[in-house]
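No value in this document is a laboratory result; all are computed from the given coordinates. Because the structure is a prediction, the values reported are computed rather than measured. So basically every Cβ, Gly included, is an ideal-geometry build from the backbone, and we count neighbours across all protein chains shown.
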Amino acid sequence: MSSPHVDAFLRHLEVSRALSPHTLKAYAQDLKALEAYLAPQNVPLEKVNHLHLRGFLGTQSVSLAPASRARRLAGIKSFYGFLTRRKIIEVNPARRVKTPKLPQRLPRAVPVDEAFALMEAPDAEKVLGLRDMAMLEVLYGGGLRVSELCGLDVRDLDARSKTVRVLGKGNKERICPLHDGAMDALRDWLERRGELLVKPGKKQAPDALFLNFRGGRLTTRSVERHLERYVQQLGLQRKVSPHALRHSFATHLLAGGADIRSIQELLGHASLSTTQRYTAVSFEQLQSVYDKSHPRA
């Protein structure tokens with residue numbers, strides 16, 4: 001049985017930090033796994049010390065990659081920080097547990113020509129093709145997270161200013177500009193969007209900007225599945241996720257001369273260090289060009 005402190009912690013995250021259901025579920029699973037590890041030792045969560053936590057993480061190394069272990073530890077540290085602030089425990093045992101070292105993974109950008117091909121892949125004669133075209137244009141043209149895309153309502157789009165209002169992580173709002181091609185794709189989609197709402201249904205979402213074939217709000221998994229289909233249709237020799245289009249948005253802006261601070265604002269990154277990963281990507285691409293082109297390379 002889960003500790004009441006876990007339930008209080010999850011409620012706190014939901015209300016105070018406005019975390020997504022997916023993130024809350026991950027935190028709950030982390031603490032459930034820790035409780036399962038402690039159960040044979042008859043140690044409640046409130047009596048844990050740093051050695052218990054190190055032992056737990058050691059058992060996780062078999063099944064979890066370093067990044068997953070680091071994320072799990074971050075959730076546990078957040079939980080014990082909560083217990084400390086509430087004075088349920090005196091000392092945070094997780095403070096003495098080091099986060100596993102992670103390899104620096106650079107974002108994988110889609111080449112410009114392949115990104116353009118993806119934008120044009122959907123069938124513009126069909127209503128769902130128009131939806132997918134608009135969906136891909138907004139993902140790549142606005143640099144949105146897939147969850148942000150799925151959360152858009154029709155009222156968030158401002159055709160006059162060519163912008164879309166986005167609700168990002170932690171309920172932080174930002175305004176994203178869209179280029180003419182994305183706006184044209186959105187207009188074409190909106191002209192026929194009503195066709196998916198003709199047949200009444202319980203799960204319809206008439207306010208949502210992007211709808212599934214039943215008129216409900218498009219989900220992140222559906223977006224991933226549709227994108228995968230177009231990648232296969234074009235025969236691209238790479239995996240392209242919605243997040244890869246967001247990476248491509250930033251990388252292509254940087255290559256085109258945009259400054260890193262502007263890209264940070266467009267992406268909705270709280271920290272500039274997160275955005276600065278793209279400078280490494282750009283340099284990696286320049287190094288590749290140099291190696292292929294310079295006669296002495």
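What is the calculated FRET efficiency for LYS101 to ALA258, with r their C-beta to C-beta distance and R₀ = 41 Å, to the nearest 0.05? That gives a FRET efficiency of 0.80.
Could you work out the percent of alpha carbon pairs in segment 25-166 separated by over 28 Å, rounded to a whole number? Working shown, then result.
Numbers: 4796 of 10011 pairs.
Considering segment 25-166, 48 percent of its Cα-Cα pairs are separated by more than 28 Å.
Taking Cα atoms only, the orientation of helix 242-255 departs from the longest principal axis of the chain by about 70 degrees.
Among the trypsin sites (Lys or Arg not before Pro) in segment 209-280, which ones are in a DSSP loop with at most 13 other Cβ atoms within 10 Å of the Cβ? Mind listing them?
Details: sites: ARG214, ARG217, ARG221, ARG225, ARG229, ARG238, LYS239, ARG246, ARG261, ARG277; in loops: ARG214, ARG238, LYS239.
Within segment 209-280, the qualifying trypsin sites (Lys or Arg not before Pro) (loop, at most 13 other Cβ atoms within 10 Å) are ARG214, ARG238, LYS239.
Look at the dipole of the chain built from charges on Cβ: of GLN276, VAL15, SER147, the Cα furthest out on the positive end belongs to VAL15.
The spacing between segment 68-102 and segment 158-229, judged by their C-alpha centroids, is 38 Å. Each residue, ALA36 and ARG160, gets one label point 7 Å from its Cα in the Cβ direction; the gap between the two is 5.5 nm.
Explain nothing, just the number: dipole magnitude of segment 112-293 about its Cα centre with +1 on each Lys and Arg Cβ and -1 on each Asp and Glu Cβ, in debye rounded to the nearest 20.
Working: 27 positive and 24 negative charges, 170 e Å.
With Lys and Arg at +1 and Asp and Glu at -1, about 820 debye.
Test of the criteria: in segment 78-161, which GluC sites (Glu not before Pro) are in a DSSP loop and have at most 14 other Cβ atoms within 10 angstrom of their Cβ? Answer in residue order: GLU90, GLU125.
Of LYS77/LYS239; LYS32/LYS169; LYS32/LYS239; LYS77/LYS203; LYS169/LYS199, which pairs sit farther than 30 Å apart, going by alpha carbon to alpha carbon?
As for pairs spanning more than 30 Å Cα to Cα, those are LYS77/LYS239; LYS32/LYS239; LYS77/LYS203; LYS169/LYS199.
Relative to the Cα centre, the charge distribution of segment 4-96, modelled as +1 at Lys and Arg Cβ and -1 at Asp and Glu Cβ, gives a dipole magnitude of about 280 debye. In the frame of its principal axes, the chain has Cα extents of 67, 63, 34 Å, reported largest first. Label positions at GLU191 and ALA67, each projected 7 Å from the Cα along the C-beta direction, are separated by 4.1 nm.
In the calculated pair-distance distribution of segment 4-96, the portion above 19 angstrom amounts to 37 percent of the Cα-Cα pairs.
Which trypsin sites (Lys or Arg not before Pro) in segment 12-79 pass both tests, a DSSP loop state and at most 16 other beta-carbon atoms within 10 Å? Here the trypsin sites (Lys or Arg not before Pro) that fit, given the DSSP loop and packing criteria, are ARG17.
Per residue, the average separation of C-alpha pairs within less than 8 Å and at least 6 apart gives segment 112-293 a relative contact order of 22 percent. Over all Cα atoms in segment 124-226, the spread is summed up by Rg and Dmax: 12.8, 38 Å.
Would you mind getting me the FRET efficiency between SER3 and ASP113? Use the beta-carbon distance for r and R0 = 51 Å, nearest 0.05. Here the calculated transfer efficiency is 0.40.
Label-to-label distance, THR23 versus GLN276, with points set 7 angstrom from Cα along the beta-carbon direction: 2.3 nm.
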